[in-house]
Amino acid sequence: MRYQAVLDRVHREIQPWIGGGEVAHYIPELARISPHKFGMAVVTIDGQAYAVGDAHERFSIQSISKLFACTLAFQLLGNELWQRVGREPSGTAFNSLIQLETERGKPRNPFINAGALVVTDVLARRFVRAETAVVEFIRRLIAVPDVDYDPRVALSEMAHAQRNRAIAHFIDSFGNMRMPPDLVVEAYCRQCAISMSCLELARAGLFLANGGVAPISGERILDPSSTKRLSALMLTCGTYDAAGDFVYRVGLPAKSGVGGGILAVLPGDMAVCVWSPGLDTNGNSHAGVQALELMTTYTGRSIF
Ligand code: DON
């Protein structure tokens, strides 16, 4: 597959979309990022890398971190994890509290904020610092030792984390937290503040395209069946209440973040990451979704 030619074409055609949507402003540090950034990178399981635009520039991965945290929690607990968090799309906003009341503090899935907070709770119980476990896991996946969270972004989110604190305390009221909710929220904010580039994220996601083995380190991260299951969750829940429309347009399992990044995988072939900070109303990158749609259209490759 001539991925570089496809990326170059997508980069040309995406120009009118760049700057559209709105940069996340509920985390003030993210509101400072130029909406005109655009980067895209493809890394194949045999190690070829292709990039356009700002693909080397690090940005705040935000909810894409939920994928790595969930992988660690799934490694630790296996199917026991599903006693504390569900596997259904929520059909509500990523930071909604609505279902928690009727579903007695069991979040719908690990990719909405409520579910990710339970996942962080699992990690906070097992590790001295949950966010460090996620950071070190990512460093190992891509053999890049200086990947870290940005303390300014973490502090900025913590100062405006009323909703996530409310979610964590509400879950706790149903007995589905093991650690103090405020400690969990702070670890979660640091984990969301990890900075990575499109190229680094595509490399980090490659184990999902490669049957659970990280091609760079050779380490088995998940068995093939668990890899299938995690990818299925990305497909149905990774882009929140836009998951149906995203799958219709793009046809790949993916995880988005309010920093404007989207990481997607094509099993057996490659991982792709796109970044453009302007978000649509669901919190997914406006230009990013369109760029991925163009890419799978031009390559003719998706999971369908
Ligand atoms: O908890 C939050 O609201 C952010 N740290 C992450 C949300 C997010 O990235 C949702 N993604 N589209």
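The values are calculated or read from the model by the stated rules, or taken from the named source; none is laboratory data. Quantities reported herein were computed from a predicted structural model and do not represent experimental measurements. Neighbour counts run over all protein chains shown; Cβ positions are idealised from the backbone, glycine included. With ligands, DNA and RNA removed, areas are computed over all heavy atoms of the protein, side chains included. Shrake-Rupley method; radii C 1.70, N 1.55, O 1.52, S 1.80 Å.
Taken together, 190, 203, 163 contain a single residue that is over 25 Å from residue 93 (Cα atoms) and basic (Lys, Arg), which is 203.
Looking at this structure, is residue 56 open to solvent by 30 Å² or more (accessible area, probe 1.4 Å) and either in a strand (DSSP E or B) or at pLDDT below 95 (or both)? No: the conditions fail for residue 56.
In the set 43, 85, only one residue is surrounded by 15 or more Cβ atoms within 10 Å (Cβ to Cβ) and not assigned by TED's automatic domain parsing to the domain that holds residue 133; that residue is 43. Within segment 25-45, the only residue that satisfies the criterion of being outside any helix (DSSP H, G or I), charged (D, E, K, R) and either at pLDDT below 95 or farther than 28 Å from residue 266 by Cβ (or both) is 32.
Does segment 160-169 include one or more residues that are within 16 Å of the ligand (Cβ to nearest atom), in contact (Cβ under 8 Å) with a residue 60 or more places away in the chain and either buried (at least 17 other Cβ atoms within 10 Å of the Cβ) or under 30 Å from residue 268 (Cα atoms) (or both)? Checked against the condition, which is being within 16 Å of the ligand (Cβ to nearest atom), in contact (Cβ under 8 Å) with a residue 60 or more places away in the chain and either buried (at least 17 other Cβ atoms within 10 Å of the Cβ) or under 30 Å from residue 268 (Cα atoms) (or both), segment 160-169 yields at least one hit.
Looking only at segment 189-210, how many residues end up being open to solvent by less than 10 Å² (accessible area, probe 1.4 Å) and either within 11 Å of the ligand (Cβ to nearest atom) or in a strand (DSSP E or B) (or both)?
Of the residues in segment 189-210, 6 are open to solvent by less than 10 Å² (accessible area, probe 1.4 Å) and either within 11 Å of the ligand (Cβ to nearest atom) or in a strand (DSSP E or B) (or both).
Taken as a whole, the structure places residue 183 among residues that are in a helix (DSSP H, G or I), within 16 Å of the ligand (Cβ to nearest atom) and out of contact with any Pro (no Cβ under 7 Å at 6 or more places or on another chain). Scanning segment 25-40 for residues that are surrounded by fewer than 24 Cβ atoms within 10 Å (Cβ to Cβ) and in contact with a Phe, Trp or Tyr (Cβ under 8 Å, 6 or more places away or on another chain) yields 33, 37. Restricting 90, 63 to residues that are within 18 Å of residue 131 (Cα to Cα), in contact (Cβ under 8 Å) with a residue 24 or more places away in the chain and not hydrophobic (A, V, I, L, M, F, W, C) narrows the list to 63. Scanning segment 35-75 for residues that are more than 16 Å from the ligand (Cβ to nearest atom) and β-branched (Val, Ile, Thr) returns 42, 43, 44, 45, 52, 71. Just a yes or no: is a residue in segment 220-238 within 16 Å of the ligand (Cβ to nearest atom) and either in the same structural domain as residue 141 (by TED's automatic domain parsing) or β-branched (Val, Ile, Thr) (or both)? Yes, because at least one residue in segment 220-238 is within 16 Å of the ligand (Cβ to nearest atom) and either in the same structural domain as residue 141 (by TED's automatic domain parsing) or β-branched (Val, Ile, Thr) (or both). Give the residue that is nearest to the ligand (Cβ to nearest atom), with candidates limited to residues of segment 76-87 that are closer than 17 Å to residue 114 by Cβ and free of Cβ contacts under 8 Å to residues at least 40 places away in the same chain. Checked segment 76-87; the qualifying residue nearest to the ligand (Cβ to nearest atom) is 85.
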